[in-house]
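**Student:** This structure is in structure tokens; I'll ask about it shortly.
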Protein chains: 2
Amino acid sequence: MNNFKYYTPTQVEFGRGTAERAGELVRQFGGTKVLLHFGGGSVKRSGLLDRVAASLSNAGIAYVELGGVVPNPRVSKVREGIELARREGVDFLLAVGGGSVIDSAKAIGYGLAYDGDVWDFYEHKLAPKACAPVGCVLTLAATGSEMSDSSVITNEENGKKRGVNSDLCRCRFALLDPELTFTVPPYQTASGCADIISHTMERYFWGEGTVEPTDSVAEGLLRAMLEMSRRVMQDPQDYDARAAVMWAGSLSHNGLTGCGNGGHGRVGDWACHQLEHELSGMFDVTHGAGLAAIWEGWSSYVMPSAPKRFARFARNVMGVTETDDMQAAKAGIAAYKAFLHEIGMPTSIRELGVELSDEQLDKLAYNCSFEGTRSIGSIRVLEQKDMREVYRLARG
Amino acid sequence: MNNFKYYTPTQVEFGRGTAERAGELVRQFGGTKVLLHFGGGSVKRSGLLDRVAASLSNAGIAYVELGGVVPNPRVSKVREGIELARREGVDFLLAVGGGSVIDSAKAIGYGLAYDGDVWDFYEHKLAPKACAPVGCVLTLAATGSEMSDSSVITNEENGKKRGVNSDLCRCRFALLDPELTFTVPPYQTASGCADIISHTMERYFWGEGTVEPTDSVAEGLLRAMLEMSRRVMQDPQDYDARAAVMWAGSLSHNGLTGCGNGGHGRVGDWACHQLEHELSGMFDVTHGAGLAAIWEGWSSYVMPSAPKRFARFARNVMGVTETDDMQAAKAGIAAYKAFLHEIGMPTSIRELGVELSDEQLDKLAYNCSFEGTRSIGSIRVLEQKDMREVYRLARG
């Protein structure tokens, strides 16, 4: 087991009616003036934004609103938020929405504590030293941003989607009411499930070794996700299933499933996420669906480097009974692909609606390797040429 | 799924060499003068105390020492610590030891922030409103106190062992080096394993319903613990096994395995812990061994109230293949009893070395029911007469 740090300070309040706790919690964490950050009109139409705003007012907290965050959130909106927050003397960022809104709020938090351009952090020119406090009311189970140390932003000027990881941006509190996800449409729901599962898989597929109890906890989460993803697709108002998916979403990305894992100086593999970031940066596809589209290409390319690990996944998560490791590993890859189809996810880039040219393969690999300057992955380290091959295999 | 709060702010640093981080972390969390709290001579003989003290000095942190904490830590030592800390202007409590030392440090923390007698909190006369900050260097994998909200203290004047639960006392940081547990003797190691497993079981056996992903995560932890407990008993210097047990110990008592569980207004059952508290309060037995001794008596008494739950445990954790729920449940109880024997734990109170008279059965039940004023348990609620019956069944 590798040495690790585990730090999940976010105060989670989970269940029906927790959104109304926003005002009290902002006050508990020292906020006096809030930037109420959200996306499209759904939180307005549903009345959620009004309920959260009323909770702030009842707690004596002033606020300004900034909506308009889009999926694959843009740095332009982040810069707008930083300006507005500075002008209005905001000292607390409250995201009401899904991962895009939370990531945008975290980016605003970094920007408020920095004199230069916030994109500097996402270009990895320097590491952030501080972040204004962030809290959230979650409306979509997917990215795990509500407990994670991650913020991913897209620069629409150059199509680059980049992430920053730091404990500084972890939410002070997260209010998780599964009922708020009842109205999430099927495709978004399934994309969220694929993303949640991927967050555990990225950590699980780090190499050939076993790390307990992390492996067994991860397998438990994955099995629960397979069952509960099917249930939410069948009945979008199944409270216990929505709750399971929502809570699994937080646990899958708060660090729990990576404790002690690691090879090549990385906790987990993360190649699929990095490959997908280029894809959705270039084509604006839904992140979870993009991850699903890459699964077979990536797993079939890297599996021969770690057949035992894929065989354990096959047996302990997918219920495969093959005794030969290589056969079991292949059956596990096929079984997870079948699951993705079952919940309505694409399993190739073509099924995403994107027809990739050879030149676009080159461009994706060039971008994903940061112009040939980095490798990715841990279970198998991928150079630029490997990245191109995975994209090609996933093209369909 | 019930509504729940999940709050685990403890910064965990896990792995070889982490004890030396103590000074830096005390400073990070604002401490300037430390009470260095410990138990017997082993942390002195091993040189650990010197290493931690040097780390404090290197970070410019002053300290005073207070050793002598015993298993089932005493309120008299806590009161001594409060006086000493007041006199010396201590503002941070650093426990170097196992759960007893951490619980004693937490109690001192409560006492420092209170004008009255600290036992008031343990008698549940009132709830604590504040707690001086606590950190720890863990040397024994067992109680989970390093991440839990719990502190259990024994009043040697009346033999009562009582616990207080509050987020206020959660450690600011916990330094977990598995190598520090290499020298823990077999009986203490096995008792720790029994305690860790019990912390997940107490939450798991709350009733008949299923709660995902909590159930699957709990089952993963339990399976890992069965395997890794056997490994540490075979080879006390098996780093990965010691590490697994140590980390499972934290995860089993930080709240994770109780998220969304609950019946009768309780998250989890906790009857075994409460029954054991009276036993070790009266006879000063090792807590984990006491839990092991109570298992068969308790489980056979309550199982008919929730055979499905016990059957799921039997199949998903103990590997039982019986199709009939009642038969599976019985086989699961027997299998866990056999596991306890395998790692050298007692499975009756007689095997603990305690011969209980009928009068002592009465006294234990009387104390455990707080003189007939409370019931305990959730999967089956136990009144004073039920408690006596469980003690009688467990007597052996």
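The values are calculated or read from the model by the stated rules, or taken from the named source; none is laboratory data. These figures come from a predicted structure and were not determined experimentally. Counting neighbours? That spans all protein chains shown, and the Cβs are built from the backbone with ideal geometry, glycine included. Note: areas computed on protein heavy atoms with side chains; ligands, DNA, RNA excluded. Shrake-Rupley method; radii C 1.70, N 1.55, O 1.52, S 1.80 Å.
**Student:** Only helices (runs of 4 or more DSSP H) wholly contained in the range B:1-103 count here; list those with 1 or more residues that are away from chain A (no Cβ under 14 Å), surrounded by fewer than 21 Cβ atoms within 10 Å (Cβ to Cβ) and free of Cβ contacts under 8 Å to residues at least 12 places away in the same chain. Before the answer, list the steps.
**Tutor:** Working: elements: B:22-28, B:42-45, B:48-58, B:75-88.
Answer list for the range B:1-103: B:42-45, B:48-58, B:75-88.
**Student:** Yes or no: the range B:249-264 includes at least one residue that is more than 26 Å from A:R242 (Cα to Cα) and not acidic (D, E).
**Tutor:** Yes.
**Student:** Quick test for you: out of A:R230, A:R266, pick the one residue that is of a type outside the set (D, E) and at pLDDT 95 or above.
**Tutor:** None of the other options fit; the residue is A:R230.
**Student:** While we're on this one: Yes or no: the range B:137-152 includes at least one residue that is within 22 Å of A:M1 (Cα to Cα), open to solvent by 10 Å² or more (accessible area, probe 1.4 Å) and without any contact (Cβ under 8 Å) to a residue 24 or more places away in the chain.
**Tutor:** The answer is no; no qualifying residue exists.
**Student:** Considering only the range B:104-126, how many residues are out of contact with any helix residue (DSSP H, G or I) (no Cβ under 7 Å at 6 or more places or on another chain) and open to solvent by 10 Å² or more (accessible area, probe 1.4 Å)?
**Tutor:** 9
**Student:** Scan the range A:53-107 for residues that are of a type in the set (D, E, K, R) and more than 23 Å from A:E20 (Cβ to Cβ) and jot them down.
**Tutor:** Result: A:R74, A:K77, A:R79, A:E80, A:E83, A:R86, A:R87, A:E88, A:D103, A:K106.
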